[in-house]
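The values are calculated or read from the model by the stated rules, or taken from the named source; none is laboratory data. All values reported here derive from a predicted model rather than from experimental measurement. Virtual Cβ from ideal backbone geometry, glycine too; neighbours counted across all protein chains shown.
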Amino acid sequence: MKQLWYLILTSGLACLGCEKQAEETQAGEPQAKSAKEAPAKPDHAAQILNRAIEAHGGAEKLKAILACTMQVEGESPLGSFSATSTVAGGHQRMDTKLETGNEFTFTRGPTHCWAKKGPVIISMGEHEKKTHQATAALIEAMFLWPVKEKGMSTKASKAKVDDRECDQLEIQWPDLDAVGSLVFDPQSHLLIQAGVKVQIQAGQTQEIKMVLSEHQEFCGVKMASKQASWLNGQPMQLLIIKTASCAPVEQKLFEKPGQVADQTIRERPTTLVTIACTTMKGPYTGLETTLRELVQELADNQVPPIGRPLMIYKQGPPRVKQSKKWVTQVCFPVNLKTPKKPQKKGKLTIRALRPGPALAAYGVGEYAKKAPELAALLLKEAQKRKLKPKGPMIHLTYMNPQATPADQLVSELLLPVK
């Protein structure tokens, strides 16, 4: 099951760019093909790197920008967003606010990766973590000076970009099962493309590509103010750097905070989301089968999910006692225009989750067991706060139960209220 919400966040930020980059588009991925050349001279990789370091402002200025904070704007399948991106010591953090009002934080580095949405800390499975660690290593290499300072294993080659033959540095990270590439313009020697391919398990890889353009000078360094990213050939996001500042960054900024406490309750507004759903009748033991069928239906209709699944309890506990009478809509957020009325697409129902006030309860533990417990808690709390329910409860899941221990799963149950 693809977890595109995480993947949208994998590209990070490029701080380096090129003067003569060909115009790129969001519709297709960059066409960079390795050219078959005679073996390069032993010092060719060092020559390419030294030229690039000088072209981007020199070693001292590149060292200074290894800790920087950028204000960015962008587009992704989740919509338009603004963000603050902080980079230091091989770590990256991005605090994002979507146009819809949703906010989340994403952090990755050599030893840990995590995301935060509201009070929920979202851990990652090993495959996701490996992809993000490889991406973090690539972004560090894109600052160029770490490649030289750390003596990273590099190999010189050539890459074809449009009609130009460009210099390329290939970088090996054996501990991550990853291979990266940095492609430089042949005239300006500025970085115009970057990518990494990581083997997440036998026979399965993830590949991230970036096109860097429209450089400007930030902190005395030529930086690509525009970056388009792809994951496995699919557009991920477009980032535009608005401002950048160079100053020391406290490492505690990247430290993982504590998880939300079980049975935490708070009031929060919901935001507009387009969802694709199917209906499940009966007990929640059928959820796994329903999810598999829903994922297949999404694939058959070419509707990619952009987040974790959610359940809408049309009829369920504690109000409906008999499990055979339970009715649940099982849904995924999708990157489609929000319809005014529910629409059919194959066996899918495409509809909107409308914004409004809600009472939220958070649970830590197995999803199926937590849902009835949180539902009873919400109804009791709503009565205590004199809030009138409006519509069915919505169960948001944040982690993949196949990659996360049951006692670490976190879910959120929403009760829309008037």
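Some observations on this one:
- Residue check, residue 148 of a type in the set (Lys, Arg) and part of a strand (DSSP E or B): no
- Qualifying residue in segment 106-120 (condition: farther than 30 Å from residue 363 by Cβ and of a type in the set (A, V, I, L, M, F, W, C)): no
- Just one residue in the set 100, 84, 135, 111 is of a type outside the set (A, V, I, L, M, F, W, C) and buried (at least 16 other Cβ atoms within 10 Å of the Cβ); that residue is 135.
- Of all residues in segment 382-418, those satisfying the criterion of being buried (at least 16 other Cβ atoms within 10 Å of the Cβ) and over 23 Å from residue 331 (Cα atoms) are 382, 387.
- Just one of (1) out of contact with any Lys or Arg (no Cβ under 8 Å at 6 or more places or on another chain); (2) free of Cβ contacts under 8 Å to residues at least 60 places away in the same chain fails for residue 120. It is (2).
- One residue alone among 143, 184 is of a type in the set (Phe, Trp, Tyr) and either surrounded by fewer than 20 Cβ atoms within 10 Å (Cβ to Cβ) or within 20 Å of residue 87 (Cα to Cα) (or both), and that residue is 143.
- Of all residues making up segment 329-343, the number that are buried (at least 19 other Cβ atoms within 10 Å of the Cβ) and more than 28 Å from the chain's Cα centre (by Cα): 0
- Only one of the numbered conditions (1) closer than 18 Å to residue 368 by Cα; (2) assigned to a loop (DSSP other than H, G, I, E, B) is violated by residue 291, and that is (2).
- Residue match in segment 242-255 (condition: hydroxyl-bearing (Ser, Thr, Tyr) and either touching a helix residue (DSSP H, G or I) at 6+ places or on another chain (Cβ under 9 Å) or under 28 Å from residue 222 (Cα atoms) (or both)): yes
- Considering (1) part of a helix (DSSP H, G or I); (2) under 22 Å from the mean Cα position of the chain (by Cα), the lone condition that residue 286 does not fulfil carries the number (2).
- Failed condition for residue 93, given (1) touching a Leu at 6+ places or on another chain (Cβ under 9 Å); (2) assigned to a strand (DSSP E or B); (3) more than 24 Å from residue 146 (Cα to Cα): (3)
- Residue within segment 262-284 that is modelled with pLDDT under 90 and more than 30 Å from residue 108 (Cα to Cα) present: yes
- Some residue of segment 268-289 being surrounded by fewer than 16 Cβ atoms within 10 Å (Cβ to Cβ), outside the structural domain of residue 365 (by TED's automatic domain parsing), out of contact with any Lys or Arg (no Cβ under 9 Å at 6 or more places or on another chain) and not aliphatic (A, V, I, L, M): no
- Scanning segment 75-115 for residues that are small (Gly, Ala, Ser) and out of contact with any Gly (no Cβ under 9 Å at 6 or more places or on another chain) turns up 76, 79, 88, 101, 115.
- Of all residues in segment 293-316, those that are buried (at least 21 other Cβ atoms within 10 Å of the Cβ) and either among the basic types (Lys, Arg) or within 16 Å of residue 344 (Cα to Cα) (or both) total 2.
- Exclusive hit being at pLDDT 80 or above and either of a type in the set (Phe, Trp, Tyr) or closer than 20 Å to residue 237 by Cα (or both), set 29, 99, 23: 99
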